[in-house]
Structure formats: C-alpha cells, structure tokens
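Report on one structure; see the data block that follows.
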Amino acid sequence: MSSSRSTLEHAGDLVGGYGDDPFADEPRADRARRTERPPVFWAAPFSAHYYREIGYVLSGLPVAIAGFTVAITLFCLGLGTFVTALGLPVLAGLTAAGRGFGRLERARARGMLALDVPGPKPVRPVRPGAWGAITARLADGAGWKAALHQVVMFPWAVFSFAMTLVFLLVGWAMALYPVYHWVFPTYTDWRGYKLFDYTDGHHVQHVYYIEGMWQIAGFSLVGVVLVFLTAQLVRGLTNVNRAAAQGLLGR
C-alpha cells in the first residue's frame, strides 16, 4: 500500500500539483493549483513564465474595462428598473455575464499565470420555465462573486498595467543604453541622454548628460537592477490576481 501511495504522489507532482496529495480529504478537482513553478530570481527576467505574466497584465486592462462596464451598466439598470418586471431579468443577466467573464479570467489565469482554478458548479433551476431560470440566476452566489470580481479588480488592472509598462520600458531602456548611446551625438545636439535640464533662481542653467564611460556603465547597471526587480514586481502584482481568482472565481 505504501508503494502504491508513493507512486500516486509522484504522478500527482508530474501533473503539476506542487505537493497535492491524492489521498487528501478534499478532491483535487475542487482546489486551485499552480501548474508551473516560478523561476528563480536570476532567471526570472529571461523566462517564458515572466513574459506570460506580463502578457496577462497588459492584456488584462481591455478585459477589465469591458467587464467593469458590463457589470456596472447591468447593475445600475437592474436597480433602476427593479420596481418593474424588467429589473429581475437584468440582474439575472448580470450574474450570467459575470460567469462568462469569470470563465474568461480562469482561462487567462490557466494559460498565463500557471494557475488552474476549478470553475463553480453550473446553475440548476429548481423550477421549470423562464421564471425558474431567472430566480436561479438571482440566487447564483458564484455569478454574483464573479460580477464583484469585475468591479473590484478594475482599479487593480489599471494600476498593474501602468506599473508594469513603466518599469518594463524604463528598465530595458536604461540597461540597453550602451547599445544606442551613439545615436544622441550622431543625430541630435545632445552629447548623450539628457538626464535633466533646468535653470535655477539665479538664472544658471544646469544640464546633465549621460556621456562618459563610467556614467554610461552606471546608468546601464541601474537599468539591469530594474529589469530584475521588475520581474519580482510583476510576480507580486499577479499574485494579487491569483488570490482574487481563487477567492471570487473558484468553487
């Protein structure tokens, strides 16, 4: 029996479980699980895992805009027409739309964040007919949580998009500066990258160019540090998305 147990545990790890125990009381299919181990610090900026996370963050903004717009529009329309017969079907449509966006987010998390989140159980009306379907949707807790996910994660999607794009571009632009430094003195009137240019209260102009060998090397080194830190930043940002997906989109 112990040999059989060891074999099954090893097979579970190969599937991507991170220590998921097939003999645990809770079934494997009911739990979210990581399907890929994150790369170590020094390899993170050059790994496919990292660029899939970046793809998740950058593609997440248009998805978040669409989800937030649909959720807020249907919620406000449903409340505004609640006293009429139209309000309940609209709110039922909100939970159905929430489930649809939740399904999309779980697919994105599975493909880009290496997180497999099992979806909620399907809605099963207890009464036949259109009214039974509407009341079942209104009582669908998973649909309401998925709609809430579209609302609460919208500001985070905007923040994550801005932080990721800024740090990604600035880090690589600084790290690769020795490669394109020659462009400034060749095609512009700058001696190098102009770090700042201002005139103080005594009308004295202060200009600082990145032009000397040690200046270029130091500037590039700071960029390399930013490249490595950006990978950790993106991992931290997407960990919030992983937690939200498990809490609001899973079973």
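The values are calculated or read from the model by the stated rules, or taken from the named source; none is laboratory data. The shown structure was predicted, so the numbers you read here are calculated from the model rather than taken from an experiment. So basically every Cβ, Gly included, is an ideal-geometry build from the backbone, and we count neighbours across all protein chains shown. Ligands, DNA and RNA are stripped out before the accessible areas are found, and what is left, the full protein with its side chains, is counted by its heavy atoms. Shrake-Rupley method; radii C 1.70, N 1.55, O 1.52, S 1.80 Å.
The residues of the stretch 219-245 that are crowded, with 17+ Cβ neighbours inside 10 Å, small (G, A, S) and farther than 16 Å from F161 by Cα, listed by number, are S220, G223, A244, A245. Evaluate the stretch 188-211: report whether one residue or more is at pLDDT below 95 and assigned to a helix (DSSP H, G or I). Looking through the stretch 188-211, none of the residues is at pLDDT below 95 and assigned to a helix (DSSP H, G or I).
Only one entry in A66, A97, A71, A85 is at pLDDT 95 or above and open to solvent by 30 Å² or more (accessible area, probe 1.4 Å), namely A66. Scoring L248 on the criteria (1) in contact (Cβ under 8 Å) with a residue 24 or more places away in the chain; (2) open to solvent by less than 70 Å² (accessible area, probe 1.4 Å); (3) within 28 Å of P45 (Cβ to Cβ) leaves a single failure, condition (3). Scanning the stretch 191-205 for residues that are over 14 Å from F219 (Cβ atoms) and either of a type in the set (S, T, N, Q) or under 39 Å from the mean Cα position of the chain (by Cα) (or both) returns D197, Y198, T199, Q205.
Please specify each residue of the stretch 163-214 satisfying the condition of being polar (S, T, N, Q) and open to solvent by less than 80 Å² (accessible area, probe 1.4 Å). Explain how you work it out, then say what you get.
Quick first cut of the stretch 163-214, residues polar (S, T, N, Q) only: 164, 186, 188, 199, 205.
Hits for the stretch 163-214 are T164, T188.
A Cβ distance below 8 Å, combined with a sequence gap of six or more or placement on separate chains, defines the contacts here; from the stretch 50-65, residues that are hydroxyl-bearing (S, T, Y) reach residues that are surrounded by 22 or more Cβ atoms within 10 Å (Cβ to Cβ) in the pairs Y50/A231; Y50/V234; Y56/A109; Y56/L113; Y56/T238; Y56/N241. When we screen P155, P128 for residues that are closer than 13 Å to V57 by Cα and loosely packed, with under 14 Cβ neighbours inside 10 Å, the only hit is P155. When A162 is tested against (1) small (G, A, S); (2) in contact with a Gly (Cβ under 8 Å, 6 or more places away or on another chain); (3) farther than 30 Å from V90 by Cα, just one condition goes unmet, and that condition is (2).
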